[in-house]
Amino acid sequence: MKRGGRDSDCNSSEEGTAEKSKKLRTTNEHSQTCDWGNLLQDIILQVFKYLPLLDRAHASQVCRNWNQVFHMPDLWRCFEFELNQPATSYLKATHPELIKQIIKRHSNHLQYVSFKVDSSKESAEAACDILSQLVNCSLKTLGLISTARPSFMDLPKSHFISALTVVFVNSKSLSSLKIDDTPVDDPSLKVLVANNSDTLKLLKMSSCPHVSPAGILCVADQCHGLRELALNYHLLSDELLLALSSEKHVRLEHLRIDVVSENPGQTHFHTIQKSSWDAFIRHSPKVNLVMYFFLYEEEFDPFFRYEIPATHLYFGRSVSKDVLGRVGMTCPRLVELVVCANGLRPLDEELIRIAERCKNLSAIGLGECEVSCSAFVEFVKMCGGRLSQLSIMEEVLIPDQKYSLEQIHWEVSKHLGRVWFPDMMPTW
């Protein structure tokens, strides 16, 4: 019995040793097959694209293979310069030395470029300095993004235009340009058109005070492939809508218009003819017409007097019952409506009218408004399950004889076909 026990122990020991040896061999084989330094460059390239610039630079020092990938043109086609002043911003910034290396070795590879700058003049100047050095690249997209004002508007106009023109002249295939809140002007837009009229498809230039209606009309007349456009209302004209409706022009997909007033009573808002809107919508029947209103109540008189093809309306300031009533009568294509404030007069009739007339409405948001619970339930019942987004603050809903706040949750959920609760203001 004892001898048998010892034999059993020996066999167990030998099996354990063999198992450990097998695991060790497997580990060694695995480490040999997973030589990170010899990974395919295409794999390393995809990993590098997800790394922040500084981490990417550190990784390039691991081995020769990784360093080669770091300098591959494909890695530098898309890049965002982050320019912030540490003393005034908590956002990270692209290191100046790395910027120098990018300009020196990869500027001719850049195609999709954006600049994210804070509100400081120094950051905007740094962005212009980089732009002025991009003489050997042909950009396809350019975005100038200000995380806070004034940024680019604080620069001397001539300095900004000079830097931007470098890109316009050297980029013969620019398709997307986002230059909101910049001092771009009519002559620089002519340079843009002269060099990129065949390729430009997207132009966003809200809050560009140095551009005139004639300047944006020049773009529409020459850039027949333009599909998306964003601008302020003062640049919108009957001539522009007709130019965008010409047979030579492709169908516009997205038109955003910002209607903004900084000082009540000091801004004159002209009226666009109904015939111009009709021609525009005949040419581009599926266009999304997005309008942002930041007006005072007395400034809405020129708007919603006749039918317009708006699909998305956002009211950032208080808007009267009368205006919302006109929206229901004049915006049959409306898809989304957001009202930040209205006052203390219930919007019962206005909501019902919108539900009756706006058959495509699928999203609505109400902030500082008042609606009776009964009218709100009727509104949801009329719209039904097509309301994919329903954002209503709890304070908006006024209990009445028919529904309390507790009951309205179940009633609205029933008509929507999904569970719904009103939004609640945080208590902290």
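Restricting to the stretch 108-143, give me the number of residues that are part of a helix (DSSP H, G or I), open to solvent by less than 10 Å² (accessible area, probe 1.4 Å), under 30 Å from Gln68 (Cα atoms) and not hydrophobic (A, V, I, L, M, F, W, C). So the answer is 0. Within the stretch 372-395, take every residue that is part of a strand (DSSP E or B) and not β-branched (Val, Ile, Thr) and give me the one that is surrounded by the fewest Cβ atoms within 10 Å (Cβ to Cβ). Among residues in the stretch 372-395 that are part of a strand (DSSP E or B) and not β-branched (Val, Ile, Thr), the one surrounded by the fewest Cβ atoms within 10 Å (Cβ to Cβ) is Gln389. Scanning the stretch 354-371 for residues that are open to solvent by 80 Å² or more (accessible area, probe 1.4 Å), over 29 Å from the mean Cα position of the chain (by Cα) and closer than 21 Å to Leu289 by Cα turns up at least one hit.
Taking the criterion of being part of a helix (DSSP H, G or I) and under 21 Å from His283 (Cα atoms), the residues of the stretch 214-224 that qualify are Ile216, Leu217, Cys218, Val219, Ala220, Asp221, Gln222.
Close contacts from the stretch 301-317, counting a first residue that is under 19 Å from Val287 (Cβ atoms) and in contact (Cβ under 8 Å) with a residue 12 or more places away in the chain and a second that is charged (D, E, K, R) and exposed (fewer than 15 other Cβ atoms within 10 Å of the Cβ), with Cβ to Cβ under 7 Å and a gap of 6+ residues or different chains, come to Tyr306/Lys274; Glu307/Lys274. Per this entry, Ser151 is counted among residues that are assigned by the TED database to the domain that holds Val184, under 23 Å from the mean Cα position of the chain (by Cα) and either open to solvent by less than 10 Å² (accessible area, probe 1.4 Å) or not polar (S, T, N, Q) (or both). Pro285: assigned by the TED database to the domain that holds Val250 and closer than 30 Å to His224 by Cβ, yes or no? When the stated conditions are applied, Pro285 passes them. Taking the stretch 288-319 as the search range and keeping residues that are open to solvent by 30 Å² or more (accessible area, probe 1.4 Å) and more than 23 Å from Leu229 (Cβ to Cβ), which one is nearest to the chain's Cα centre (by Cα)? My answer is Arg317.
Within the stretch 324-334, the presence of at least one residue that is closer than 27 Å to Ala220 by Cα, part of a helix (DSSP H, G or I) and without any contact (Cβ under 8 Å) to a residue 60 or more places away in the chain is confirmed. Looking across the stretch 225-245 at every residue that is assigned to a loop (DSSP other than H, G, I, E, B) and touching a helix residue (DSSP H, G or I) at 6+ places or on another chain (Cβ under 8 Å), the one that is farthest from Thr141 (Cα to Cα) is identified as Ser237. Among the residues making up the stretch 257-279, those that are touching an Asp or Glu at 6+ places or on another chain (Cβ under 8 Å) and surrounded by 13 or more Cβ atoms within 10 Å (Cβ to Cβ) are Ser261, Thr267, Phe269, Ile272, Gln273, Lys274, Ser276, Trp277. Taken over the stretch 144-186, the residue count meeting the criterion of being under 21 Å from Ser212 (Cα atoms) and not in a loop (DSSP other than H, G, I, E, B) is 18. Considering only the stretch 38-58, I want to know if a residue exists there that is in contact with a Lys or Arg (Cβ under 6 Å, 6 or more places away or on another chain) and of a type in the set (A, V, I, L, M, F, W, C). Yes, that holds for at least one residue. In the set (1) of a type in the set (D, E, K, R); (2) within 22 Å of Pro302 (Cβ to Cβ); (3) surrounded by fewer than 18 Cβ atoms within 10 Å (Cβ to Cβ), Glu253 fails one condition alone, (2).
If you take the residues in the stretch 55-73 that are closer than 20 Å to Asn108 by Cα and in a helix (DSSP H, G or I), which one is most open to solvent (accessible area, probe 1.4 Å)? Filtering first and then ranking leaves Gln68.
Checking each residue in the stretch 334-347 for being in contact with a helix residue (DSSP H, G or I) (Cβ under 8 Å, 6 or more places away or on another chain) and open to solvent by 40 Å² or more (accessible area, probe 1.4 Å) picks out Arg345, Pro346. Filtering Leu203, Leu164, Leu241, Leu189 for residues that are assigned by the TED database to the domain that holds Ile145, buried (at least 20 other Cβ atoms within 10 Å of the Cβ) and within 21 Å of the chain's Cα centre (by Cα) leaves a single hit, Leu203.
The values are calculated or read from the model by the stated rules, or taken from the named source; none is laboratory data. Treat the numbers as computed from the prediction; the structure is a model and nothing was measured. Backbone-built Cβ (ideal geometry, glycine too); neighbour counts: all protein chains shown. Quick note on the areas: whole protein, heavy atoms, side chains included, nothing else; ligands and nucleic acids left out. Shrake-Rupley method; radii C 1.70, N 1.55, O 1.52, S 1.80 Å.
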